[in-house]
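Every number in this text was worked out from the coordinates using simple rules, so none of it is lab data. Nothing here was measured: the structure is a model prediction, and the numbers come from that model. Virtual Cβ from ideal backbone geometry, glycine too; neighbours counted across all protein chains shown.
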Amino acid sequence: MHKEYYTLITGASEGFGKALALECASRKMNLVLVSLPQTGLARLASFIEKNFEVKAVYFEYDLTKKENCYQLFSIIKEQLLNINILINNAGMGGTHLFTERDTDYYCRQIELNIVAPTLLAHLFINNLEEEKPAYILNVSSLASFFYLPRKQVYGGTKSYLVSFSKSLRKELMHKKIYVSTVCPGGMNTSIPLIMMNKTGNRVSRWSVMDPEDVAKIAIGKMLKKKEVIIPGNLNRLFLLFDKILPVLLKNMLTGRLMKQLKPVTSYSPSISMS
């Protein structure tokens with residue numbers, strides 16, 4: 001009997017997660033989609049099955065709660081779904097001064113951006129090893145490479161993902177589990193983010209990408225076992241400038257850019273904001 005494999009994607013019902021789901025489906029990957037209840041996940045799964053001729057199973061969980069990560073793992077195991085690709089996309093962003101948000105907000109951000117992907121990677125490692133070659137893709141951000149005002153906690157959580165992924169990659173390479181990190185710049189994933197992206201300067205607006213384009217790059221590079229994936233020529237150029245420009249000039253440029261951006265909160269549909 002032919003063994004069926006599944007790609008697990010968290011935060012899958014909207015934005016970049018939805019783009020990743022559609023890209024994987026277009027590559028004939030069966031999917032396990034995870035998101036909050038009432039975020040359109042059932043409709044997305046149905047659409048994918050009808051239009052791409054793959055299987056799409058979905059589970060509705062708030063991944064800021066650790067017990068839900070364990071429940072997700074248990075139900076996937078019970079249903080004998082063979083996961084060979086884990087995509088930790090669920091995340092919570094935001095552009096705020098540190099004192100503009102309370103501690104509960106930052107705790108939820110840390111739980112979703114750091115704790116959930118760490119737990120899920122740990123829980124699924126044995127399964128991934130059974131289905132090798134296997135892949136883990138952690139969704140970080142271009143902000144992980146910079147020290148940006150108004151993105152202090154968010155940037156810290158995304159920096160963790162880059163460091164965690166690089167170290168885990170070295171540990172798991174011999175098991176044929178390949179860990180990659182994608183670090184997108186600005187993306188037009190929601191109306192608030194589209195509006196915020198329009199408030200940036202000309203260069204930052206040029207660097208903004210559509211999530212569908214980023215998803216295609218991310219999945220393609222992941223399957224080629226790329227360690228760190230930076231979509232977009234301008235974004236790669238920003239990183240080059242970061243290495244060669246004097247610190248004082250970099251601080252002036254990033255400070256001016258962040259002052260232009262209007263405050264916004266973005267979140268994956270895997271977290272409740274109530």
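Remark: for residue pairs Lys66/Lys216; Lys3/Lys158; Lys176/Lys216; Lys3/Lys216; Lys28/Lys151, the C-alpha separation exceeds 28 Å in Lys66/Lys216; Lys3/Lys158; Lys28/Lys151. Evaluating 6.51 cos²θ - 1.76 cosθ + 1.60 at θ = phi - 60° for every residue in region 32-38, the Karplus couplings come out as 10, 9, 10, 6, 5, x, 6 Hz, glycine and proline recorded as x. Counting 0.36 nm for each residue step from Lys3 to Gln38 and taking away their Cα separation leaves a gain of 9.4 nm. Bridging of Lys170 to aspartates and glutamates at a Cα separation below 18 Å is possible for Glu129, Glu227, once same-chain residues fewer than 8 apart are set aside.
In this structure the amide hydrogen of Tyr6, modeled in the peptide plane, comes within under 5 Å of the amide hydrogens of Asn82, Ile83, Asn84, Ile85, none closer than 5 places in sequence on its chain.
Region 49-78 and region 1-29 have Cα centres spaced 11 Å apart.
In order along region 144-153, the phi-based Karplus estimate (6.51 cos²θ - 1.76 cosθ + 1.60, θ = phi - 60°) of 3J(HN,Hα) comes to 5, 9, 10, 10, 9, x, 6, 10, 5, 6 Hz; Gly and Pro are listed as x. Beyond 21 Å in Cα-Cα separation lie the following of the pairs Lys175/Lys226; Lys65/Lys221; Lys65/Lys226; Lys175/Lys221: Lys65/Lys221; Lys65/Lys226. Between the amide H of Met187 and those of Met209, distances stay under 5 Å, these residues lying 5 or more places away or on another chain, with hydrogens modeled in the peptide plane. Ordering of 62-70, 87-95 by packing is 87-95, 62-70, highest average first (other Cβ atoms within 10 Å, averaged per residue). By the count of other C-beta atoms within 10 Å, a proxy for reagent exposure, His2, His122, His96 are ordered fewest to most as His2, His122, His96. Label-to-label distance for Ser167 and Lys132 is 2.2 nm, based on points extended 7 Å past Cα in the beta-carbon direction. Here the Karplus relation 6.51 cos²θ - 1.76 cosθ + 1.60, evaluated at θ = phi - 60°, turns the backbone of region 66-71 into coupling constants of 4, 4, 6, 4, 5, 5 Hz, with x for every Gly and Pro.
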